[in-house]
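The values are calculated or read from the model by the stated rules, or taken from the named source; none is laboratory data. Model, not experiment: these values are computed from the prediction. As a convention, Cβ positions derive from the backbone with ideal geometry for all residues, glycine included, and neighbour counts pool all protein chains shown. Note: accessible area is taken over every heavy atom of the protein model, side chains too, but ligands, DNA and RNA are not part of it. Shrake-Rupley method; radii C 1.70, N 1.55, O 1.52, S 1.80 Å.
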Amino acid sequence: QVQLVESGGGLVQAGDSLRLSCTASRFTFSNYQMAWFRQSPGKEREFVATISPDDSITYADSIKGRFTISRDNAKNTAYLQMNSLKLDDTAVYYCAAARFPITPVRGPYPYWGQGTQVTVSS
């Protein structure tokens, strides 16, 4: 059973940075496409970023230039570095995984973590 655990969320001010982590277990991490999604209150879950086992990356236009996705296959962990955070970035952030290759890379993804809350205040 694939297990994904997110961490690193919190309350920050606009303009601050945060790094989210997604620690994976019970599967061969290096064979999986990893992704981040987010969901704000009253809105549908939206794609943020995805990274393939060989570091091919796709970003949502809304965060391009501010967020960076990465992975460390040796640590079974994916990351989302979030810089210049805005009020609109407030959401629960979810890590997702799918066996590589996945088409399209934006999903759908079969495996999900429980989410971590990111709140950006003014």
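Take the conditions farther than 18 Å from Ser121 by Cβ, in contact (Cβ under 8 Å) with a residue 60 or more places away in the chain and out of contact with any Gly (no Cβ under 9 Å at 6 or more places or on another chain) and apply them to Arg99. Does it pass?
Working: farther than 18 Å from Ser121 by Cβ: yes; in contact (Cβ under 8 Å) with a residue 60 or more places away in the chain: yes; out of contact with any Gly (no Cβ under 9 Å at 6 or more places or on another chain): yes.
Answer is yes for this residue.
Taking Ser84 and the conditions (1) open to solvent by less than 30 Å² (accessible area, probe 1.4 Å); (2) touching a Ser or Thr at 6+ places or on another chain (Cβ under 8 Å); (3) part of a loop (DSSP other than H, G, I, E, B), which numbered condition does it fall short on, given that it satisfies the others?
(1)
Does region 63-122 hold any residues that are β-branched (Val, Ile, Thr) and more than 20 Å from Ser17 (Cα to Cα), and which are they?
Quick first cut of region 63-122, residues β-branched (Val, Ile, Thr) only: 63, 68-69, 77, 90, 92, 102-103, 105, 116, 118-120.
Listed by number, the residues that qualify are Ile102, Thr103, Val105.
Restricting to region 71-80, give me the number of residues that are touching a residue at least 60 places away in the same chain (Cβ under 8 Å) and open to solvent by 60 Å² or more (accessible area, probe 1.4 Å).
Quick first cut of region 71-80, residues touching a residue at least 60 places away in the same chain (Cβ under 8 Å) only: 79-80.
Next cut, open to solvent by 60 Å² or more (accessible area, probe 1.4 Å) only: none.
Looking only at that region, the number is 0.
On the given criteria, is Thr68 farther than 18 Å from Val5 by Cβ, assigned to a strand (DSSP E or B) and open to solvent by 50 Å² or more (accessible area, probe 1.4 Å)?
Numbers: farther than 18 Å from Val5 by Cβ: yes; assigned to a strand (DSSP E or B): yes; open to solvent by 50 Å² or more (accessible area, probe 1.4 Å): yes.
So Thr68 passes the test.
Can you name the strands (runs of 3 or more DSSP E) wholly within region 1-61 that have at least 2 residues being at pLDDT below 95 and open to solvent by less than 30 Å² (accessible area, probe 1.4 Å)?
none
Out of the residues in region 87-101 that are open to solvent by less than 60 Å² (accessible area, probe 1.4 Å) and assigned to a strand (DSSP E or B), which is farthest from Val5 (Cα to Cα)? Show your work before the answer.
Keep residues of region 87-101 that are open to solvent by less than 60 Å² (accessible area, probe 1.4 Å), which gives 89-98.
Those left that are additionally assigned to a strand (DSSP E or B): 91-98.
Details: Ala91: 17, Val92: 13, Tyr93: 11, Tyr94: 9, Cys95: 8, Ala96: 10, Ala97: 11, Ala98: 15 Å.
Only one residue tops the list, namely Ala91.
Would you pick out the residues in region 10-55 that are polar (S, T, N, Q) and free of Cβ contacts under 8 Å to residues at least 24 places away in the same chain? Walk me through how you get there before you give the answer.
Initially, region 10-55 is screened for residues polar (S, T, N, Q), giving 13, 17, 21, 23, 25, 28, 30-31, 33, 39-40, 50, 52.
Within region 10-55, just Thr28 meets the criteria.
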